[in-house]
Each structure stands twice: as structure tokens, then as C-alpha cells.
Amino acid sequence: MSEFTVSEIKELIKAVQESKIAGLVYETQEFKLKIDGKKEKILQSAASAPMQQAPVVVAATAASQGDGGAEVSVSSSAQDASKLITSPIVGTYYNSPAPDQEPFVEVGQHVGKGDVVFIIESMKVMNEVPSEFSGTVAEILVQNGQAVEFGQPILRLE
């Protein structure tokens, strides 16, 4: 599915409002739909392009039931998704092998395909994550020690 109809979006909004989830994010390389269970307004909209990769769907559980409204945003990907390195699992992001050691990468540093660029700790296991691309680190999108979701962008390479 590369495109939603208005009725499908309305159904998703209603489902989020009636459930115990705080929101829903549906994202592909060219399309993003975000429904926040707390507000009721459309932030952005853009036509979606044909889907080129499998979608990433994330649902967040509610810490509290908001005011019953829903917030929806639909946008085209502004970044070159082929150069994003994402988290392969849910866990905690670490930029170095140990707290007293240098980070694997820093902004402006060149990395090669296969170089370890960060660690995701999940269930007390440290998972080294290699770069899928060669390039220069343009941006680190999360803070050291931050919890991350499956598919969440961590690094952007140029």
C-alpha cells in the first residue's frame, strides 16, 4: 500500500482514538503517516510515490489517554533514505564500546561499508551495528544512552 484514501485515514484515526495506544506511525521511503492520539489536526500532506521498500510501522502505548482527538501528518521523505542507518532492533543506543572509550563515529568522519558505527543494547546483549553504506557521517540523530525503536534512523551519511 503506497497511498491512503481519506476514508482509510479516518478509520485509522478512529481506531487510535478508541484504543489504548498513544499513536501510530506508518513510514516508507517516500511516505509517512503519523497519528497522535492526543490532538486533532492535519500537519502536512504530500502525494506519495510508489513504495520501493517494505514499510516500517510503529505503535506506541499510551501513558495516558489524551483528550480523544488525533493528530495526523503525511509527508514525503526529506532525507535520502538510502543513506540512513537505522536501528535493527528495539533497545538502547550507545556510540562507543564502553563509557570510557572513544565513539565509533563522529560527525564529519568517513565510514566504510561494514564498519561498526554504534551498539544497540537489547535484553542485556550488546549488538554491534555495521554501516550498510560508505560515506561521511552528516548527522547523528539520537543521543548516547537513548532508547530507540526498530527502524528508527540513527545516523545519516552523505
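The values are calculated or read from the model by the stated rules, or taken from the named source; none is laboratory data. Source: prediction; values computed, not measured. Neighbour counts run over all protein chains shown; Cβ positions are idealised from the backbone, glycine included.
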Residue, farthest from Val16 (Cα to Cα), within the range 73-110, restricted to residues that are in a strand (DSSP E or B) and at pLDDT 50 or above: His110
Count of the range 111-154 residues which are at positive phi, of a type outside the set (D, E, K, R) and surrounded by fewer than 13 Cβ atoms within 10 Å (Cβ to Cβ): 3
Whichever residue in the range 33-45 is modelled with pLDDT under 75, in a strand (DSSP E or B) and not aliphatic (A, V, I, L, M) and, among such residues, is surrounded by the most Cβ atoms within 10 Å (Cβ to Cβ): Asp36
